[in-house]
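> Submitted below is the structure of interest, expressed as C-alpha cells.
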Amino acid sequence: MKNNLIKYFLLLTIVLWFSACSVTKNMQKEFAKSSLNENYYKGLVVFDPQINKEIININGNKYFTPASNTKLFTFYTAYKTLKDSVLGLEYGIIKDSLIIKGTADPTFLYGFEESKTLNFLKSSSEQIYFIDENINDPVYGPGWSWEDYAYYYMPEKSIFPIYGNIVHISNKNTEVEINPSFFKNHIAYTKKGLRRELNSNTFYVNDAKSVNNRIVPFKTSNQLTADLLSEKLGKKVTLIPPSKLELNQFYSIAIDTVYKQLLQDSDNFIAEQLMLQVSYQADSTYGVKNAIQFSLENYLQDIPQTPKWVDGSGLSRYNLFTPESIIFLLKKMYQDIPKDKLFSYLPTGGISG
C-alpha cells in the first residue's frame, strides 16, 4: 500500500511537471505567433520566489516603457534611504523668530491628518520666516507632457509643497467653490475648455453647474507658499533670502502611511517628492537625477540591464526598463522587507488600490 502511494505521488509530480512545461511552451508559441501580427513587443517573465526559479522568460531582456511600475523603484529607493518618519521641515529659533526651510515633504496639508507640522507651526509664538530656497530641478520631470500641466496627475515639484500643490474645484449650492479658499478670486469663466492658464493661477470653469469635483495643480512659488501658510496659520509668514544658519530637523509623520498612498493610489506627486528627499539625504541637494544615480550605485548595482530611469513617478516616456530588471527589484523587495509590512504597502485586488 505504501509503495503504491509513493508511486502515485511520483507519477502525479511527473504529470504536473510535464503540464507546466507544456503550458510554458504554449505561451511562448502564442507570444511568438501574436508578435508576427502586431507592431509592438510583448514581454513576460514569471519567477517563483519560493523555489528561487524563473518559470517563463519571453523578451525578458528587452526594454519597455514601465509607466507607473517606476514607482516600485522609487519606493525601494526611499525605503532603503529614508528614516521611519518623513522629514517635515528644518527650523531654527533666534530670539523671537522661527526660521523654517522646506524639505520637499509631500504630506503637508495633503490629507495626512497625522502630520505634526501644522500643529508645530500653529503652536509657535515667534514670528515665522520662510527661507527662499528651491529644488535643484525644473518643476516638471524630463519627458513629461507639458500640455498636461492642468491635470490632477501632474502637480509641480517644489521645496515646500502645500495642499499637494493642487486645488479642488467643486459645485456647492449652485456656486463654484475652490479649496484652498485663498484662490477664490482666481476663478474665471470661459467656454474654451481651458482648466488653468499655463503660467499663472487663473482657473477656468464653464459655469457653476458644469463643475464636478475637479482637481487642478497650481503654479508654485515660495512667495505663494508663504501666502498660503499665512492664511492657514492666521499670521504673517515672511519670505527671506537663503542663509547659512544651522537648522534643526522636524519629522512630520510615520513614513509607512506615505508608502501606502504612493503604491496603492499610484501617487505621482508623492513619488517625485520622495525622490527629492532621497537626494537630500544622499548629497544635500534636491534633484531626482541625483537620487536615481544614488540608488543605482548603492542598491541596484547588480541589476541585469541598467534602466534608463529619469523620474520618480513614471510619467516620463523616456523611462525604459526590462522585465528581468523588474523581477530583480521584486526579489530584492521580497528579501529585504518584512512580508507583512511589504504586503501592507501594496495594492490588493478588489480590496485596496
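> Place +1 on the Cβ of every Lys and Arg and -1 on the Cβ of every Asp and Glu in the range 29-137, take the dipole about the Cα centre, and give the residue among Leu118, Ala78, Ile56 whose Cα lies farthest towards its positive end.
My answer, from the dipole projection, is Ile56.
> Are there any GluC sites (Glu not before Pro) in the range 86-164 that are in a DSSP loop and have at most 15 other Cβ atoms within 10 Å? List them by number. Could you put the intermediate results ahead of the total?
On the way: sites: Glu90, Glu113, Glu114, Glu126, Glu133, Glu147, Glu156; in loops: Glu113, Glu114, Glu126, Glu133, Glu156.
Answer by residue number: Glu113, Glu114, Glu126, Glu133.
> Report the label-to-label distance for Gln301 and Ile337 in nanometres (one decimal), using points 7 Å from each Cα along the Cα→Cβ vector.
My value for the distance between the label points is 2.3 nm.
> Another question, then. How about the range 178-279: which GluC sites (Glu not before Pro) there lie in a loop by DSSP and see at most 16 other Cβ atoms within 10 Å?
Working: sites: Glu197, Glu231, Glu246, Glu272; in loops: Glu197, Glu246.
Those satisfying the criteria are Glu197, Glu246.
> Trypsin sites (Lys or Arg not before Pro), restricted to the range 173-206: which are DSSP loop and have at most 14 other Cβ atoms within 10 Å?
Values: sites: Lys184, Lys191, Lys192, Arg195, Arg196; in loops: Lys191, Lys192, Arg195.
Hits after loop and neighbour filter: Lys191, Lys192.
> Taking amide H positions as placed in the peptide plane 1.01 Å from N, state which residues far from Gly60 in sequence (5 or more) or on other chains have amide H under 5 Å from it.
Under 5 Å from the amide H of Gly60: Leu44.
> Something else about it: Out of the DSSP beta bridges found with both residues in the chain, what percent are antiparallel (nearest 5)?
75 percent
> I would also like to ask the following. Can you give the net charge of the other residues whose Cβ lies under 9 Å from the Cβ of Phe250, counting K and R as +1 and D and E as -1?
0
> Can you give me the long-range amide H partners of Ile166? Hydrogens built in the peptide plane at 1.01 Å from N, cutoff under 5 Å, separation of 5 or more residues or another chain.
HN-HN under 5 Å from Ile166: Phe218.
> Please find the FRET efficiency linking Leu239 to Lys42, where r is the Cβ-Cβ separation and R0 is fixed at 45 Å, and quote it to the nearest 0.05. Provide the component values of the computation, followed by the final result.
Working: r = 52 Å, r/R0 = 1.16.
Step by step, r from the Cβ atoms, then E = 0.30.
> Compute the separation of the alpha-carbon centres of the range 294-352 and the range 148-163 and state it in Å as a whole number.
A separation of 23 Å, based on Cα centres.
> Placing one identical point scatterer on every Cα of the chain and ignoring solvent, what is log10 I(q)/I(0) from the Debye formula at q = 0.14 Å⁻¹?
So the normalised log intensities work out to -1.20.
> How much of the DSSP beta bridge set in the range 154-246 is antiparallel, as a percent to the nearest 5?
Working: 10 of 13 bridges.
Of those bridges, close to 75 percent are antiparallel.
> Among Pro323, Pro161, Pro106, whose mean-square fluctuation peaks in a Gaussian network model of the chain (Cα, cutoff 10 Å)?
Of the options given, Pro323 has the highest mean-square fluctuation.
> Measuring with a 1.4 Å probe in the full set of protein chains, what accessible area per residue, in whole Å², belongs to the chain? Intermediate values should be presented prior to the final figure.
Numbers: 19030 Å² over 353 residues.
Using a 1.4 Å probe on heavy atoms only, each residue of the chain averages 54 Å².
> Given a 1.4 angstrom probe, I'd like the percentage of the accessible area of the chain that is carbon and sulfur, rounded to a whole number. Don't skip to the answer; put the middle values down first.
Numbers: 9700 of 19030 Å².
Here it works out to 51 percent.
> Also: If I model a spin label at Asp84 and Leu118 as a point 7 Å from the Cα along the Cα→Cβ vector, what separation in nanometres do I get?
2.6 nm
> For the range 136-241, what percent of Cα pairs sit more than 21 Å apart?
Working: 2069 of 5565 pairs.
Tail of P(r) above 21 Å: 37 percent of Cα pairs.
The values are calculated or read from the model by the stated rules, or taken from the named source; none is laboratory data. Given the structure is predicted, the values throughout are model-derived calculations rather than measurements. Heads up, the Cβs are rebuilt from the backbone with ideal geometry, glycines too, and the neighbour counts pull from every protein chain shown. Surface areas here come from the heavy atoms of the whole protein model, side chains and all, with no ligands, DNA or RNA. Shrake-Rupley method; radii C 1.70, N 1.55, O 1.52, S 1.80 Å.
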